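Some notes on the structure that comes next.
The values are calculated or read from the model by the stated rules, or taken from the named source; none is laboratory data. Predicted, not measured: the structure shown is a model, and the values here were computed from it. In this analysis, Cβ positions are derived from the backbone assuming ideal geometry, glycine residues included, and neighbour counts consider all displayed protein chains. All accessible areas refer to the heavy atoms of the entire protein, side chains included, with ligands and DNA or RNA removed. Shrake-Rupley method; radii C 1.70, N 1.55, O 1.52, S 1.80 Å.
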Amino acid sequence: METLIQEIERIQSECRYGRVSGVRGLLVEVSGIEQYVSIGSRMEVQTRDMRTVPIEVVGFRQGAILAMPYGALEGVGVGCKAILVQSEPVIFPGREWLGRVINAFGEPIDDKGPIASGNAPRMLRANPPPAHARQRVGEKLDLGVRALNSFISCCLGQRMGIFAGSGVGKSVLMSMIARYSGADINVIGLIGERGREVQEFLEDDLGPEGLARSVVIVATSDESALMRRQAAYTTLTVAEYFRDNGANVMCLMDSVTRFAMAQREVGLAGGEPPTTKGYTPTVFTELPRLLERAGPGPKGKGNITGLFTVLVEGDDHNEPVADAVRGILDGHIVMERAIAERGRFPAINVLKSISRTMPRCNTDFENLLVREAKRYMSTYSDMEEMIRLGAYKAGSNADVDAAIQYHPYMEEYLGQWKDDATSLEEGYARLEKILNLGPAGDVIRSSGLGQG
């Protein structure tokens, strides 16, 4: 009854509507209520076959409202009624959303029945907390993945990007983090995902254990650009709800690139000029507004630790969206196809990845382990072609000899099955054990920082 009462209270006391005056491609022109709407207002068009199509205002032209649909426009014609539904789009998240799969409107799509709403509305396009009111990044967060915990450490409230081409293992890495991280709650946004992969991700990758402490927001690739864009806003809005209730939230979004593509479609339909690789100016305006909403919360609240995947086109890590996102976030995790092709998963290139909270978040001993391991990994990477061709003669260089000795152990260390979790402490202990097998062990023991 409480949910029903809340729904009744949200019913508007008056109805304002206009009429469709034209349809051009994906744009619907509406006249008659221009003075009552603004950018982002939501309306519903009643089609000639008695369906309703949600639309959102994206601009104005010569006194007419320009709107884009959330669904198909079949049946929409000149003279159809367009009813104003919300002047500003909002959702009503609550703790009952945990364990549920919802769409961009906050409606359940998991066949588990109705979903209870919270009491307080939350704006979909909220502003990030003011910079001076935010807490600092917190302590180190256990992600359950050895390569990340040791070499690309992440802290509470940090925002990281996962940069990879298609089919390199982003979704599996995300599911491992969702299941094994030390965060209280996961909010997972699947933006523009393939329809057949959603159920596979929920059942095989995330599993019942991961889903139980997660809210999953889904907008598949066949849905409209507005639905895909709004799913990203909904993901951050739900994460902000749990953050404001004191939780440490892990916000996972796959992918920011598809959000940018959706925003590009909206911008082009609204008449914006295309700029870099066809992306419109609003894409590079909306990206920081979206990503800055993650991070440390206001004092006395929780944090949103954000991991956002970036689908690099043609494995080009310098394409416009990847370049823009890399400049906004607090670090980047690079996944490479060549590593995946030789069978090591997760296919993370730790030498090209960086966390901007390191080395400050580590102890001196942990930094020593990471520094020594990276030194030998870098040496092997530089000489890899010569080693594979047999052009390197053993004994020519002591560092290269040591790098060759360490290489199989480091490859085994960096590889990890998706049902295997490794804690922070266990990861560093295993790394120390590997390094003690060779010359690096002398450096570690002589440093006086060892753990005994």
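Quote the FRET efficiency, to the nearest 0.05, computed for Val443 versus Asp316 with a Förster distance R0 of 51 Å and r equal to the Cβ-Cβ distance.
My answer for the efficiency is 0.85.
In Å², and per residue, what accessible area does the stretch 163-299 have when probed at 1.4 Å with the other protein chains present?
Using a 1.4 Å probe on heavy atoms only, each residue of the stretch 163-299 averages 30 Å².
At what distance in nm do the modelled label points of Asp110 and Ile39 sit from each other, each positioned 7 Å from its Cα along Cα→Cβ?
It works out to 3.5 nm between the two label points.
How do Ser446, Ser181, Ser38 stack up against each other in accessible area, from largest to smallest, with a 1.4 angstrom probe?
Ser446, Ser38, Ser181
For the stretch 394-452 and the stretch 71-86, what is the centre-to-centre distance using only Cα atoms, to the nearest Å?
One Cα centre to the other: 63 Å.
If I model a spin label at Glu209 and Lys299 as a point 7 Å from the Cα along the Cα→Cβ vector, what separation in nanometres do I get?
3.9 nm
Only bridges whose two residues both fall in the chain count here: according to DSSP, what percent of them are antiparallel, nearest 5?
55 percent
Please work out the FRET efficiency for the pair Glu139 and Ile328, using the Cβ-Cβ distance as r and a Förster radius of 22 Å; give the result to the nearest 0.05.
0.45
Once you list every other residue whose beta carbon is under 11 Å from the beta carbon of Met383, what net charge do they have if Lys and Arg are +1 and Asp and Glu are -1?
Cβ neighbours under 11 Å give a net charge of -4.
For the pair Asp420 and Thr275, what calculated FRET efficiency results from E = 1/(1 + (r/R0)^6), where r is the Cβ-Cβ distance and R0 = 41 Å, to the nearest 0.05?
0.40
Which percent of the accessible heavy-atom area of the stretch 124-197 goes to carbon and sulfur, probe 1.4 angstrom?
47 percent
So if each residue of separation counts as 0.36 nm, and I subtract the Cα-Cα distance between Arg95 and Asn127, what length gain in nm does that give?
Result for the pair: 9.3 nm of gain on full extension.
Name the chymotrypsin sites (Phe, Trp or Tyr not before Pro) in the stretch 387-446 that are in a loop by DSSP and that have at most 11 other C-beta atoms within 10 Å, would you?
Trp417
Only one of the values [x] 84, 47, 41; [y] 79, 49, 36; [z] 66, 50, 38 was calculated from this structure for Cα extents along the principal axes in Å; name its label.
Step by step, Cα extents along the principal axes in Å for this structure corresponds to label [x].
Based on the Kirkwood radius over alpha-carbon pairs, what is the Stokes-Einstein translational diffusion coefficient of the stretch 343-452 at 10 °C with 1.306 mPa s viscosity, in µm²/s?
105 µm²/s
Can you give the local net charge around Ile109? Use residues other than it whose beta-carbon is closer than 13 angstrom to its beta-carbon, Lys and Arg +1, Asp and Glu -1.
Neighbour charge sum, excluding Ile109 itself: -3.
Quick check: pseudo-label points 7 Å beyond the Cα along Cα→Cβ at Ser378 and Lys433, how many nm apart are they?
Reported label-point gap for Ser378 and Lys433 is 2.8 nm.
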